[in-house]
1. Using 0.36 nm per residue, how much length does the chain from residue 70 to residue 131 gain when fully extended, once their Cα-Cα distance is taken away?
2. Suppose every K and R has +1 on its Cβ and every D and E has -1 on its Cβ; what is the size of the dipole of region 51-128 about the Cα centre, in Debye to the nearest 20?
3. List the residues whose amide H sits under 5 Å from the amide H of residue 89, counting only those 5 or more places along or on another chain, with H placed 1.01 Å from N in the peptide plane.
4. Identify which of the listed values of Cα Rg over 2.2 N^0.38 Å was calculated from the structure shown: (i) 1.14; (ii) 1.21; (iii) 0.99.
5. Grab the DSSP H runs of the chain that are 4 residues or longer, score each as -39,500 (n - 2.57), total them, divide by all residues and round the 222 nm result to the nearest 500 deg cm²/dmol.
6. What dipole magnitude, in Debye to the nearest 20, does the chain give about its Cα centre under +1 on Lys/Arg Cβ and -1 on Asp/Glu Cβ?
7. May I ask what percent, to the nearest 5, of DSSP beta bridges between residues of the chain are antiparallel?
8. Roughly how tilted is helix 62-76, in degrees to the nearest 10 and between 0 and 90, from the longest Cα axis of the chain?
Amino acid sequence: MVAAILTSATCGEACWYAREAACHCSCAGKNHGCLLEAGAERPARTSKIQGTLYTLAAVGAYRDLWRDAAERLKAAGPSHVSASGYTYYWHCTDAGSPVRLKAATKQQLGAWRELSGMAAGTYLLWTAVAK
């Protein structure tokens, strides 16, 4: 049995390989120890950005990912319409946006398997997890 303590920390390697007896991340024990079995499927990488939970959708150069981000934002529709009728559209830097495009940090480049062999300047495309 896995003891779970629900926190705002997102799920990652420490949980997937059960480095602690109790799960201390946002999966509430769902992914705890999941990669200890041979051939187990790796869970999707998640990140909480400005209070919204996202799943990693793609990794690459900014020039390649911005097109994908723009298409996804267009498909998401407007963020809101003002009282005067002006339509506002999402940007990948907006809090709560359905898509976020962020540069990978040095820590992420050094620790995440998904980023092995990637250089500084690598970008991450995140999509919001449906509530």
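Here, each number is a calculation from the coordinates, and none is a lab measurement. As the structure is a computational prediction, the values presented were derived from the model and not from experiment. Ideal geometry is used to build each Cβ from the backbone, glycine not excepted, and the neighbour counts take in all protein chains shown.
1. Values: separation 61, 0.36 × 61 = 21.96 nm, distance 2.19 nm.
Gain on stretching residue 70 to residue 131: 19.8 nm.
2. Details: 8 positive and 5 negative charges, 24 e Å.
The calculated dipole for region 51-128 is roughly 120 debye.
3. Long-range HN contacts for residue 89: 79.
4. (ii)
5. Values: 3 runs with 25 residues, N = 131.
Here the helix-only value at 222 nm equals -5000 deg cm²/dmol.
6. Working: 14 positive and 9 negative charges, 42 e Å.
The dipole magnitude comes to about 200 debye.
7. Values: 19 of 21 bridges.
The antiparallel fraction comes to roughly 90 percent.
8. 70 degrees
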